[in-house]
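The values are calculated or read from the model by the stated rules, or taken from the named source; none is laboratory data. In this text, all values refer to a predicted model and were calculated from it rather than measured experimentally. Cβ placement follows ideal geometry from the backbone for every residue including glycine, while neighbour counts extend to all protein chains displayed. Just so you know, the surface numbers come from the protein's heavy atoms only, side chains and all, with ligands and any DNA or RNA stripped out. Shrake-Rupley method; radii C 1.70, N 1.55, O 1.52, S 1.80 Å.
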Amino acid sequence: MKPLRIEIHNLGAIPYANIDLTNTTLAAICGVNGAGKSTAFTVAPRFALYGATKPGTSIDDMIRTGATEAAVNFYFDHQGGTYRVIRTRSKKGKGKTTLELQKAKNTLLLDGSLDWESLSGASISETQKKIIDLLGLDDETFVASSMILQGDSGNFTKRPAGQRKAILSQVLQLDQYETLQDKAKAKAGEVNLTLEKSKAKVADIDTRLAEKPILESDKLAAEVKLAKTETDIQSLEENVQTLQVAYSALVAKIQQAEDINRQAKEKWADVGSKTSERDRQQGRMDNAQKLLDREADILTKVAAYDTTKDTVTALRVKRDQQAALKNEADRLKNEQLTVEAGLAKVIADINRIAGQIADRPRLEAAKAEYDTAVARLPECQKELEEDKRLLSAVKDCQDKLFQTEDRYIGQEQIHKQNIESLEANTAMLADANCVDLDNAQCKFLANAIKDKDKLVNAREQYSVWKVRADQEISDLQTAVKAAKNKRAEYWAAANINPLEPHELQEKINQLKTDVELLAKLAAMEPLLDNLKLQRTDLETRQADINVRLENMRNQYRELSDGLKELPAMEIKLTELEPWLRSKEQLPAAKEIANTARETIDRLKTEINDLTIQVVNLETEYKTLMGDSETLKQDAEKRLKEAQDSLKQCRDEHLSLTGRLGGIRAKLVLMEDDEKTRQSLMGEMEPLAKELVRWQTLVKAFGKDGIPALIIENAVPELERIANDILGQMSGGKNYLRFETQRELKSGKGMTETLDIIVGDWAGERIYETFSGGEQLRIDFAIRFALAELLARRAGSKIDWIVVDEGIGSQDAHHRELVLQAIKGVSDRFSMILVITHIEEAQKFFEQTIHFDVSGEDERIIQVA
Ligand SMILES: Nc1ncnc2c1ncn2[C@@H]1O[C@H](COP(=O)(O)OP(=O)(O)OP(=O)(O)O)[C@@H](O)[C@H]1O
Ligand SMILES: [Mg+2]
């Protein structure tokens, strides 16, 4: 890769810069601190290619203060093509990044500019991957191999040995072998799996096939046995058939004998039934003859029955008449009772009403009395009310008097008790014999003297109270008298009897019935007439019923006389009744007597014939049966045994056929297995070869394979270039070498490493023991060597290098040597850029790129 142009918008301190590097080969970059040199040549290309920023800053920190969007367009040649990468970053909203990878077409546009085609992916990460694949480097290796950043010259040398080796591996593109090894492993795994599956199948088949010889011998044995059972079955079948025929013949003979025996039994049964028929006929004939012997007697009795029956029938008619008569008489008697009761009630009503009508004058007098009492009652009640009020006034005065008297009795008692107590207290004064009572000092006497004063007061109070109380009681007594007088005066003026209202009420209650009776009296006269008519009517009905009842009694008596002989007649009739049935049986008896004899004779002949037949049949049965039953049982037993043997033989045949079928099916499957095994073995051979090939490749692509070889080859190359440069820089004083393996501290074997051993006139020491200035020269030498190694690498040529400061740490002598060395290797790269403030260095290079910060919107860059 060789940069052609870096176009910057708002990145770090740079508002805009467009740096054309087409013709730059070896140049010093100058400008004041903060001019943007590092930003333009180390940050901007990495920002465009990888989105990298200065250490410790975010992508948004890289957007120039005051701007919202930064962009870098990085143009470069790579592997014969011209490319540009454009990355933008906007702070607007949540922030947005765009990334575009383009390749110049071979044609130029009319204005002389290039025509671009996009190689970008569908997403930023895809485009990013395409850039990494195109350069064959990630940011870290890009920096390690093409940039010596400001203050970071030891980026490679100061890393741990493992990381150094990793960077070297990436520079040498050894990671591709990891990918190749993974692919080879996957392939080997696939082939191995197929092979193992086939092996397992073959093992399975072999296990099954191991059974084959046993199965084949089993098959042979089974076939021989089967043939023998078939012959056995044939001879057993013949035997069974012969026995079956003999057995059937015996069964048929016994059947015939049993048929005859059955016939004999049937005929014997016939004899039995005919004998009982004969006996029955004999009985009938005997009964009929007995009846016929009594014929004359029967006829006489039947004639007597007929006569008796006529008499009984006539008497029964009369008995029915008598019963009807009794019913009618009973009904009339009931009617008679009803009429009598109705008549008694009508007569009672007539008497009661007639009496009431006759009582009219008394009722009218009662009515007058009733009216007077009713009129007087309210007046009386009013007077009584006034008396009640006057009585209540008397009672009130009396109550008041009694209450006051009670109260005064209590109060008087208190007064009297007080006086009595004070009198008792003062009584000791009379017995004291004190010389000066008025001035007595003893406590008892002093209290007595005080109580004496109190007694005077108490007596005064009591007499005042008594006068007032007596007065009050006398006033109340006067009031009671006045009230009583008032009531007495009222009674005298009113002149009434206090019991009168009560008497009046009682009188009204008593007279009320008479008054109501009088009110009803008007309607009673027509009622009386009506009742009298009813009485006449009922009396007529009563007389009529009496006459009819008398007639009936006479008729009943007459009928009773005639009916006296009926019970005896009825008994006689019942006794004679059986003769009727005997008479009815006479014709049949005559018929039986005529026909039964014939039937009996016929039956006797038939019974004789049948008995002879039975005897003949029984003889025939015995002859046929003989010892047939024993023979049959014997034949049956032998037949059963033969059948069992045949069944056993057949079962064995069936089981042998089944077993043979199973063996044959297994053998058929084994034939398939053999074919499958053959084809599997055919497939497995090339697979095994393929597996060996893949396993060889896995080993070859492994760490100890091709990558180890490459490193082993590359390390001497790196040493050689680095020593070339270091020799120049140190004036031939120093040399270096790499150690890729180191003995383990335990002494048990070696470990992988990439140690840097530096030698000088005093001997060899590790890098870390050298001074800062010395280390810088070693750093430069190795970094340049790495860059050259990378540049030489086929397919990924990073053909430029930037050195950002660092030379300042060298003394004047060595500064010159370092610069000479840089110049010396410049022909190995298409471009070397050295950022430096050292004027002497600036003069050393043919080209100078000046950064002028005066432009407000643009860094003015002069390439001289
Ligand atoms: N986002 C930003 N906006 C504006 N200025 C910024 C931003 N980020 C960094 N700067 C400024 O950019 C300058 C750093 O640029 P740079 O490191 O490229 O300068 P330099 O030319 O390499 O300087 P020196 O000679 O000191 O190495 C500093 O002045 C820093 O303050
Ligand atoms: Mg700088």
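So here's what we get for this one:
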item: Added length on full extension, which subtracts the Cα-Cα distance from 0.36 nm per residue, Val302 to Leu667; result: 120.0 nm
item: Pair Ala13, Asp279: separation of 7 Å Cα→Cβ label points (nm); result: 16.1 nm
item: Gap separating the Cα centres of the stretch 221-264 and the stretch 131-200, nearest whole Å; result: 97 Å
item: Anchor Lys583: lysines whose Cα lies under 22 Å away (excluding residues fewer than 8 positions away in-chain); result: Lys290, Lys301, Lys309, Lys572
item: Separation in nanometres of the label points that stand 7 Å from Cα toward Cβ, at Ser679 and Ala522; result: 14.4 nm
item: The stretch 384-497, accessible surface, carbon-and-sulfur percent (1.4 angstrom probe); result: 53 percent
item: HN-Hα J in Hz across the stretch 89-94 - Karplus 6.51, -1.76, 1.60, θ = phi - 60°, x for Gly and Pro; result: 9, 10, 8, 4, x, 7
item: Spacing of the two label points (7 Å from each Cα toward its C-beta) at Ile59 and Lys395, in nm; result: 12.2 nm
item: Computed FRET value (nearest 0.05) for Ile132 with Thr22, which takes r as the C-beta separation and R₀ as 35 Å; result: 0.85
item: Per residue accessible area of the stretch 384-497, 1.4 Å probe, in Å²; result: 72 Å²
item: Stretch gain in nm, segment Lys265-Val32, where the contour uses 0.36 nm per residue and the Cα spacing is subtracted; result: 68.3 nm
item: Efficiency of FRET between Lys333 and Gln403 - r from beta-carbon atoms, R0 60 angstrom, step 0.05; result: 0.10
item: Kirkwood hydrodynamic radius of the chain, Cα pairs, Å; result: 52.1 Å
item: Nearest-ten-degree value, helix 706-729 long axis tilted from longest Cα axis of the chain; result: 50 degrees
item: Mean-position separation - Cα centroids, the stretch 796-864 and the stretch 477-555, in angstrom; result: 166 Å
item: Under 14 Å, Cα to Cα: Lys pairs in the stretch 384-497, sequence gap 8 or more or different chains; result: 8
item: FRET E, pair Arg557, Lys290, Förster distance 60 Å, beta-carbon r, rounded to 0.05; result: 0.75
item: In range of the label at Gln585: residues from the stretch 275-306 whose backbone nitrogen is under 18 Å from the point 7 Å along Cα→Cβ; result: 280-303
item: Greater than 25 Å apart at Cα, pairs in Lys130/Lys823; Lys253/Lys640; Lys54/Lys105; result: Lys130/Lys823; Lys54/Lys105
item: Gap separating the Cα centres of the stretch 4-28 and the stretch 572-647, nearest whole Å; result: 149 Å
item: Potential lengthening between Lys158 and Lys454 on full extension [0.36 nm per residue; Cα-Cα distance subtracted]; result: 93.0 nm
item: Accessible-area order (highest first, 1.4 angstrom probe) of the listed residues Leu193, Leu660, Leu445; result: Leu193, Leu445, Leu660
item: Size of charge dipole - the chain - debye, nearest 20, with Cβ of Lys, Arg +1 and Asp, Glu -1, no other charges; result: 920 debye
